[in-house]
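The values are calculated or read from the model by the stated rules, or taken from the named source; none is laboratory data. Computed from a predicted structure; not experimentally measured. Reconstructed Cβ throughout: ideal geometry from the backbone, glycine too, with neighbour counts over all protein chains shown. The accessibility values were calculated without ligands, DNA or RNA, using every heavy atom of the protein model including side chains. Shrake-Rupley method; radii C 1.70, N 1.55, O 1.52, S 1.80 Å.
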Number of protein chains: 2
Amino acid sequence: MATKIPRVEEREGGDIAERCKSFMSPPVTDIQVLQQRKGEMSTRMEMLIMETQAEFCKALEEVDGGKFRVDRWQRKEGGGGISCVMQDGKVFEKAGVNVSVVYGNLTEEAARQMRSRGKVLKGKDGKLPFRAMGVSSVIHPKNPHIPTVHFNYRYFEIEEADGTKQWWFGGGTDLTPIYINLEDGSHFHNVLKEACDKHNPQYYPDFKKWCDRYFYIRHRGETRGIGGIFFDDLDSPSQEEVFSFVKSCAKTVVPCYLPIVRKHLNDSFSPEEKDWQQVRRGRYVEFNLVYDRGVKFGLATPGSRVESILMSLPLTARWEYMHEPAKGSKESEMLEVLRSPREWV
Amino acid sequence: MATKIPRVEEREGGDIAERCKSFMSPPVTDIQVLQQRKGEMSTRMEMLIMETQAEFCKALEEVDGGKFRVDRWQRKEGGGGISCVMQDGKVFEKAGVNVSVVYGNLTEEAARQMRSRGKVLKGKDGKLPFRAMGVSSVIHPKNPHIPTVHFNYRYFEIEEADGTKQWWFGGGTDLTPIYINLEDGSHFHNVLKEACDKHNPQYYPDFKKWCDRYFYIRHRGETRGIGGIFFDDLDSPSQEEVFSFVKSCAKTVVPCYLPIVRKHLNDSFSPEEKDWQQVRRGRYVEFNLVYDRGVKFGLATPGSRVESILMSLPLTARWEYMHEPAKGSKESEMLEVLRSPREWV
């Protein structure tokens, strides 16, 4: 059977310059450079993260009625990014969608730390040229019946002294509701599972567990939310197949989240429900500042853009001493799930 | 000249059982045990931290009109504490004053980490019996014209395999105003300098610098507040002299802070000033969760009481993307001082 293998630009939706027109801002890398290197993974991934940013921002703008502020920034050491932030909108208290494409040289130690498996990499005179890119987003809505969502998809490549290119992908999407809604949780996890199942039946169960483990606030004995998927260091079976998986995941961001937002858009809420949201926001801050690897790495890296790293923090948060919801309340029901993660599909 | 050397109970104000009556709660250690060991440094320090807690709490209650909630807690591994918290009072948004007295065994590695100079300590079978105690407090007022204050005074002793007792004191008091007030800053630093000068003319200049260095939010390029004093690992010239210095410092807590509170009690403020306070509260959270050694050590220590560690976090905080005060505003004047610490005396 003569199956026609589509060319790259067909597979990924046409001409580069044309595709760039839909972005929130021109890509970080010059369009001409991208066109010259259109078959390379770094180009294909940069196009994917720019597209994901645009799709998600536009879907959020539509539902909110507000507009994202778009900031382009450059990194002195190489590369830069595009930060889109909407603050104090009608629906969203704070919504941030950030793309970054950075490159330069890493020390062997820094390179080792970047891989969760801590693989040893040999650099030329101890230096390793690298290229890293990703899209990441955190959305904090105003209404406590609309959950917070976070996602991040990233690609990393590094060149060893002998010219070998090491590469890997990482990412995930996870949901942080303020109140448990079984239908929402099951919708969210099912959309992710479907995307995973197209590629490998082990992906969803493995990456769901990884997510619960990663987003764990150890000192509270609670997860940050109801999870989703999380993976890192993915470099098999092939670059093409992993990219295809990451693309499937990136394409789920809107269908995972927007139906939940629309459903609860007009839910009424009490001041007590708003308070509980603010307490949960405090826990979100605790996770992000104490445990999140990306935040810790970012804050410790000279030349990183702090405002883009910390745009994940909510507009407002609250810490009440000895806060403990009443037994049998909706708040304590939420806590139970955070204390022992459940299955959603 | 026949100078009468006062007995310990005279020097430190009388009978132990009698002194305990003024405390927020009976001391952590049984009163009878304290009486038996009344000459020991651990007893004298426990009495001092209990007294400091009581004096400060009562002064705050008087000005606020509210009452502290008093929680006694026990540490499974040895010792416990007394946490006093007032939340959502008339004057104070959140006020916490905590005493802890803990003991047990440390690993050599943990013991080494506890000393900022990283001294090597030899334990019996790798274990070192230790006793640690301290009083610490953070007060977040509602009115943005009343600054936040923090203080902590602590004592540590550890027994090496050969029976040698290592001991040291640490502590400090520092102020975090939302708006610069030259008179307040100078009052605060002068009271501390006076206490320091009675013991060593180098203490104030050295510990002022240490304070600015310690309370530095590196990723923001800002100090947390306008400083005060900070010291650690203090073990000379003699135990008696260092204790006497720590006592002088502890006695300044009320005169450092209360006059400033009273002065601004009825200052009016705008919603914009309240917002700026909330942004600064966000920075306070960043410092405490990302850099503070006590918080990091506490959260990583099994069996520690998380609610007492995190009572230092404000009731409410705010993170605005790309917040930058207008040039020449009172807010930017505050930022300038945080970006380049000044002299106050």
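Think of the protein assembly as shown as having a plus end and a minus end, set by charges on the Cβ of Lys, Arg, Asp and Glu; of A:I180, B:V99, A:Y103, A:Y103 sits farthest toward the positive end of this dipole.
Checking an interface number: how much accessible area is buried between B and A, summed over both chains, with a 1.4 Å probe, in Å² rounded to 100? Using a 1.4 Å probe on protein heavy atoms, the buried area is about 2900 Å². 3J(HN,Hα) couplings calculated from phi for the stretch B:217-222 with the Karplus curve 6.51 cos²θ - 1.76 cosθ + 1.60 (θ = phi - 60°) are, in sequence order, 8, 4, 5, 9, x, 9 Hz; Gly and Pro show x. List, in the order given, every pair from B:K38/B:K247; A:K94/B:K330; B:K119/B:K198; B:K208/B:K247 whose Cα-Cα distance in the structure shown is over 21 Å. Distance filter (> 21 Å) returns A:K94/B:K330; B:K119/B:K198. Per residue, the accessible area of the stretch B:270-341 comes to 40 Å² when a 1.4 Å probe rolls over the protein heavy atoms. Restricting the calculation to alpha carbons of the protein assembly as shown gives Rg and Dmax of 28.0, 114 angstrom. In terms of its C-alpha gyration tensor, the stretch A:6-156 has an oblate overall shape, because the principal axis ratio a/c (a ≥ b ≥ c, square roots of the eigenvalues) is not below 1.5 and a/b does not outweigh b/c.
Residues whose amide H falls under 5 Å from that of A:I180, counting only those 5 or more places apart or on a different chain, are A:M334, with hydrogens built in the peptide plane.
Distances between copies of A:K209, taken at a point 7 Å out from Cα along the Cα→Cβ vector and listed shortest first: 5.5 nm. Oblate is the label for the stretch A:191-260. Its Cα gyration tensor axes, ordered a ≥ b ≥ c, give a/c of at least 1.5 and b/c at or above a/b. Burial here means at least 50 square angstrom less accessible surface with every protein chain in place than with the chain by itself, probed at 1.4 Å; in the stretch B:297-328 the buried residues are B:L299, B:E307, B:L315, B:R318, B:W319, B:Y321, B:M322. Annotation: amide H of A:K124 within the under-5 Å range of A:A161, sequence separation 5 or more or interchain, hydrogens built in the peptide plane. Which of rounded, prolate or oblate describes the stretch A:218-307 when judged by the alpha-carbon gyration tensor and an a/c cut-off of 1.5? Since a/c reaches 1.5 but b/c is at least a/b, the shape of the stretch A:218-307 is classed as oblate.
For chain B, the mean residue ellipticity at 222 nm estimated from helices alone is -12500 deg cm²/dmol, where every DSSP H run of n ≥ 4 contributes -39500 (n - 2.57) and the total is divided by all residues, rounded to the nearest 500. Of the residues B:S332, B:S312, B:S248, the one that moves most in a GNM of chain B with alpha-carbon contacts below 10 Å is B:S332. What separates the B:G66 label point from its copies, with the point 7 Å along Cα to Cβ, is 3.0 nm, written shortest first.
Using the Karplus relation 6.51 cos²θ - 1.76 cosθ + 1.60 with θ = phi - 60°, the per-residue 3J(HN,Hα) values for the stretch B:314-323 come to x, 5, 9, 8, 9, 10, 9, 5, 6, 5 Hz, with x marking Gly and Pro. Remark: the stretch B:93-103, residue by residue, has Karplus-estimated 3J(HN,Hα) of 6, 7, 10, x, 9, 10, 10, 9, 9, 10, 8 Hz, where x stands for each Gly or Pro and the curve is 6.51 cos²θ - 1.76 cosθ + 1.60 at θ = phi - 60°.
Here the Gaussian network model covers chain A, with springs between Cα atoms less than 10 Å apart; of A:E241, A:E286, A:E93, A:E241 fluctuates the most. Computed over protein heavy atoms with a 1.4 Å probe, the accessible surface of the stretch A:118-218 works out to 40 Å² per residue. Nonpolar atom fraction for the stretch A:35-90, defined as the carbon and sulfur part of the 1.4 Å probe accessible area, stands at 42 percent. Taking the label point 7 Å along Cα→Cβ, B:E183 and its counterparts in the other copies are spaced 6.1 nm apart, in ascending order. Charges were assigned to the Cβ only: +1 to each Lys and Arg, -1 to each Asp and Glu. The resulting dipole of the protein assembly as shown about its Cα centre is roughly 460 debye.
Taken over the stretch B:282-344, the ratio of Cα radius of gyration to 2.2 N^0.38 Å equals 1.46. Could you state the number of Å between the C-alpha centres of the stretch A:70-137 and the stretch B:224-272? First find each Cα centre; the distance between them is then 41 Å.
Summary of the geometry: the stretch A:288-317 and the stretch A:15-37, compared by the centres of their Cα atoms, lie 28 Å apart. The two copies A and B are related by a rotation, and the chain A beta carbon nearest its axis, with distance in whole angstrom, is A:L289, 2.
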